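The values are calculated or read from the model by the stated rules, or taken from the named source; none is laboratory data. Computed from a prediction, not measured in an experiment: that's the story for all the values here. Here Cβ is always computed from backbone atoms with ideal geometry, including for glycine, and neighbour counts include all displayed protein chains. Surface areas here come from the heavy atoms of the whole protein model, side chains and all, with no ligands, DNA or RNA. Shrake-Rupley method; radii C 1.70, N 1.55, O 1.52, S 1.80 Å.
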Number of protein chains: 2
Amino acid sequence: MKKFLNTPDSFLSDALTGMAAAHPGLTVDLDRKIVTRAAEPQRPKVGLISGGGSGHEPLHSGFVGFGMLDAACPGQVFTSPVPDQILAATKAVDRGVGVVHVVKNYTGDVMNFQMAAELAADEGILVETVLVDDDVAVQDSTYTAGRRGTGATVFVEKIAGALAENGASVAEVAEMGRRVNAASRSFAVALTACTTPASGVPGFHLPDDEMEVGVGIHGEPGRSREKLRSAAEIVSTALDAILSDQPLAPADETIVMVNGLGATPLIELYVLFGEVANALSGKGIAIAHSLVGNYVTSLDMAGASITICRADEQILQLWNAPVHTPALRWGM
Amino acid sequence: MKKFLNTPDSFLSDALTGMAAAHPGLTVDLDRKIVTRAAEPQRPKVGLISGGGSGHEPLHSGFVGFGMLDAACPGQVFTSPVPDQILAATKAVDRGVGVVHVVKNYTGDVMNFQMAAELAADEGILVETVLVDDDVAVQDSTYTAGRRGTGATVFVEKIAGALAENGASVAEVAEMGRRVNAASRSFAVALTACTTPASGVPGFHLPDDEMEVGVGIHGEPGRSREKLRSAAEIVSTALDAILSDQPLAPADETIVMVNGLGATPLIELYVLFGEVANALSGKGIAIAHSLVGNYVTSLDMAGASITICRADEQILQLWNAPVHTPALRWGM
């Protein structure tokens with residue numbers, strides 16, 4: 001296994017230690033595995049929390065900060081955070097006006113966040129949940145009933161986070177999160193499998209000339225295994241899947257992310273983004289904003305995902321709002 | 001070859017097309033392969049240019065923008081930009097007060113930048129050159145007489161760029177670039193080789209349990225090939241190499257970068273950074289600022305580099321100054 005690590009058991013703790021040292025804007029509770037903002041918001045606001053298995057960095061801890069998350073609960077690699085951990089994070093960021101949980105649609109995450117929400121409710125904390133299920137590749141999957149939650153999580157966290165920062169209510173923040181999820185679709189392609197530190201071997205075998213089309217961010221099977229094709233053809237396949245699920249009309253405005261799955265270099269992501277921009281432009285669809293880089297990774301998987309959000313005026317405004325996190329930073 | 005691309009021949013053009021679509025703050029001249037700022041500086045300032053072979057993204061084009069570079073000249077993958085291209089960029093950003101070239105120490109780059117500087121001088125443009133040679137791994141290397149230029153390039157471009165933005169003269173900007181280079185040291189370790197699109201096969205073979213210690217950013221051999229060890233031991237080897245070349249004393253302040261070479265996920269870089277922070281803290285050395293992520297890559301190489309700059313008050317101030325580029329953005 002070719003990884004920088006000390007032991008598989010200490011992998012998450014060691015990474016959180018590094019994260020704490022790198023980002024003075026974060027407070028990292030190593031025992032409870034909770035990442036919060038180092039600076040308390042200047043006025044009470046709705047708390048926004050997310051979490052899930054580790055191995056998808058910068059998701060979620062890299063999105064903790066002004067204008068985005070109040071806390072992240074990282075589980076072990078590809079393993080849900082536990083209810084106590086989520087409850088502790090919920091209590092840590094509740095300022096009396098409620099907390100919103102952003103949950104990617106994986107069975108373990110859904111169950112543990114739900115349990116934490118019930119425990120928090122018992123303690124009098126108002127909790128709303130936003131379920132992210134944007135991956136159009138397959139209907140059900142290895143760890144998921146319904147669609148998997150992937151790239152749109154970044155859009156939900158940014159846009160709901162901006163609304164929370166503006167002082168919106170817990171119901172308004174949750175409604176906006178759901179609106180962004182409903183407006184977003186993703187599709188991913190893997191060129192190689194990823195290897196978890198615990199197993200030490202790739203999760204699946206992909207021959208030298210093949211790709212997994214519609215892969216999940218834990219290496220879950222997609223729609224088909226196909227011969228590797230050109231960047232333009234791969235983008236065409238992904239956009240067909242996305243746009244047949246959510247048609248876009250000329251003059252629609254979008255936010256587009258071309259996301260690396262961990263082992264794909266930026267220059268290849270730019271090649272893909274060029275093809276996406278070209279294809280959308282051919283249909284008269286505008287890209288108002290974009291992200292190209294590693295945002296929702298899958299350990300050391302070579303591959304990429306495309307996420308498209310159909311954005312109304314309010315979504316665009318909230319996207320533009322100032323944000324100050326390790327992985328997204330603008331306007332301040 | 002498992003890459004997102006259309007054809008090896010169109011790889012750079014396709015990537016630049018994507019970069020232009022992704023970053024409205026950049027103007028990309030696809031014919032001449034020059035990337036400049038879309039917005040002209042508000043007052044005449046020294047032009048700061050860098051360039052080199054592609055495959056190291058975000059270096060250099062991702063560092064074009066306010067507070068950093070005025071232009072980048074990307075060559076083909078791992079191939080120097082040509083003198084005409086560098087000359088055109090130099091002329092494009094000369095505002096009558098001169099231009100500084102930041103050149104990584106590779107024979108082709110040095111030769112072509114020098115030729116461009118002479119041609120520019122013939123046209124009456126004042127050009128100063130800053131040579132970056134921070135890699136302590138080996139004295140001479142495959143494409144280099146003397147030390148290779150690697151991670152410190154980011155520090156030089158950021159800090160000299162901030163000084164240029166403040167209205168400093170061409171001599172002052174160049175002197176600051178040289179000062180930052182002289183204060184910086186790097187060391188890299190590869191877990192896998194990278195594959196160029198043109199060759200289609202890995203540049204070297206590394207057995208499953210071995211690493212290349214002191215590797216260059218084109219896969220040049222390092223000091224030794226060794227059995228893979230723990231993150232803590234790898235960091236210890238790298239820091240020994242760096243600190244034996246440039247001793248640091250307790251109370252010294254530093255800027256530290258833990259940089260991914262392209263295929264190493266962020267969570268592993270945080271593990272490494274945690275070890276670096278721990279080791280420096282044990283020696284009483286302060287990390288004033290840090291970068292953890294992919295900044296100077298080597299296509300799809302799995303590996304990482306560590307760069308340490310001993311920073312005085314002025315360097316720290318210039319590091320903190322506002323910057324607005326695709327890959328570094330803060331303070332605005």
Between the alpha carbon centres of segment B:42-121 and segment A:63-125 the gap in Å comes to 48
Amide H proximity to residue B:129 below 5 Å, modelled H, separation 5+ or other chain, gives B:101
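For every other residue with a beta carbon closer than 10 angstrom to the beta carbon of residue A:241, add +1 if it is Lys or Arg and -1 if Asp or Glu, then tell me the sum.
Overall, the nearby charge balance is -1.
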Computed from the mean reciprocal separation of all distinct C-alpha pairs, what Kirkwood hydrodynamic radius does segment A:150-205 have, in Å?
13.6
Please give the contour-minus-distance gain from residue A:205 to residue A:118: 0.36 nm per residue of separation, less the Cα-Cα distance, rounded to one decimal in nm.
27.3 nm
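Taking a cut-off of 24 Å, what percent of all Cα-Cα pairs in segment B:184-322 are separated by more than that?
Numbers: 2904 of 9591 pairs.
The share of Cα pairs beyond 24 Å in segment B:184-322 comes to 30 percent.
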Once the Cα atoms of segment A:84-151 are picked out, what are the Rg and Dmax in Å?
13.1, 39
Run lengths n ≥ 4 of DSSP H only: what is the helix-derived mean residue ellipticity at 222 nm for chain A, with -39500 (n - 2.57) per run over all residues, to the nearest 500?
-10000 deg cm²/dmol
List, in order, the whole-Hz ³J(HN,Hα) value for each residue of segment A:275-289 obtained from phi through the Karplus relation with A = 6.51, B = -1.76, C = 1.60 and θ = phi - 60°; use x for Gly and Pro.
5, 4, 4, 5, 5, 5, 4, x, 9, x, 8, 8, 9, 6, 9
Can you pull the three principal axis extents for the Cα set of segment B:48-109, in Å, largest first?
32, 22, 17
Shortest first, in nm, what separates the label point of residue B:283 from those of the same position in the other copies (7 Å along Cα→Cβ)?
5.5
By Cβ position, which chain A residue lies least far from the axis that rotates chain A onto chain B, and what is the distance to the nearest whole angstrom?
A:263, 2
If you roll a 1.4 Å probe over the heavy atoms of the protein chains, what accessible area per residue do you get for chain A, in Å²?
34
Charge dipole of segment A:10-182 built from unit charges on the beta carbon (Lys, Arg +1; Asp, Glu -1), centred at mean Cα; most positive-end Cα among A:60, A:79, A:90 is A:60
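Which value, in Å³ per residue, describes the convex hull spanned by the Cα atoms of chain A?
Details: hull volume 39.5 nm³, N = 332.
Hull volume over Cα atoms, normalised by residue count, gives 119 Å³.
Roughly how many percent of the accessible protein surface of the protein assembly as shown is carbon and sulfur, given a 1.4 Å probe and a whole-percent answer? It would help to have the intermediate numbers written out before the result.
Details: 11620 of 22400 Å².
That share works out to 52 percent.
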Could you pull out every one of the lysines with an alpha carbon less than 25 Å from that of residue B:283, ignoring same-chain neighbours closer than 8 positions?
none
With +1 at each Lys and Arg Cβ and -1 at each Asp and Glu Cβ, the charge dipole magnitude of chain A around its Cα centre, to the nearest 20 debye, comes out at 380
For segment B:7-80, the percent of all C-alpha pairs falling in each 5 Å bin, from 0 up to the bin holding the max distance, is 3, 17, 30, 26, 14, 7, 3, 1, 0
How far is residue B:171 from itself in the other copies, in nm, if each label sits 7 Å out from Cα along the Cα-Cβ line, shortest first?
7.0
Any idea of residue A:43's accessible area? Nearest 10 Å², probe 1.4 Å.
140
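What Kirkwood hydrodynamic radius, in Å, does the protein assembly as shown give when the mean of 1/r is taken over all pairs of distinct Cα atoms and then inverted?
Values: mean 1/r = 0.0403 Å⁻¹.
It is 24.8 Å.
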Report, by chain and number, residues whose modeled amide H sits under 5 Å from the one on residue A:77, excluding near sequence neighbours (fewer than 5 apart, same chain).
A:54
For residue A:37, other-chain or 5+-apart residues with amide H closer than 5 Å (H placed, Pro excluded) are A:27
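For the pairs A:45/A:158; A:91/A:158; B:3/B:91; B:104/B:158; A:3/B:3; A:158/B:2, note any where the Cα-Cα span goes beyond 25 Å. Write out the running numbers ahead of the final one.
Numbers: A:45/A:158 15 Å; A:91/A:158 21 Å; B:3/B:91 35 Å; B:104/B:158 15 Å; A:3/B:3 21 Å; A:158/B:2 32 Å.
Where the Cα-Cα span goes over 25 Å, the pairs concerned are B:3/B:91; A:158/B:2.
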Using θ = phi - 60° and the Karplus curve 6.51 cos²θ - 1.76 cosθ + 1.60, what whole-Hz ³J(HN,Hα) does each residue of segment A:322-332 get, with Gly and Pro shown as x?
x, 9, 9, 10, x, 9, 10, 8, 7, x, 6
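I need the semi-axes of the equivalent ellipsoid of segment A:281-330: take the C-alpha gyration tensor, multiply each eigenvalue by 5, square-root it, list largest first in whole angstrom. Numbers along the way, then the final one.
Details: eigenvalues 102, 70, 12 Å².
Taking √(5λ) for each Cα gyration eigenvalue gives 23, 19, 8 Å.
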For segment B:1-150, count the residues as N, evaluate 2.2 N^0.38 Å, and divide the Cα radius of gyration by that value, please.
1.03
Can you give the net charge of the other residues whose Cβ lies under 9 Å from the Cβ of residue A:50, counting K and R as +1 and D and E as -1?
0
At residue B:247, with labels set 7 Å past Cα in the Cβ direction, how many nm apart are the copies from this one, shortest first?
7.4
Using only the alpha carbons, work out the radius of gyration and Dmax of segment A:193-264 in angstrom.
14.8, 48
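Give me the net charge for the shell around residue A:227: Cβ to Cβ below 11 angstrom, other residues only, Lys and Arg +1, Asp and Glu -1.
Numbers: positive: A:225, A:229; negative: A:208, A:209, A:210, A:226, A:233.
For residues surrounding residue A:227, the net value is -3.
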Interface B:A - total buried accessible surface [probe 1.4 Å, Å², rounded to 100]:
4400
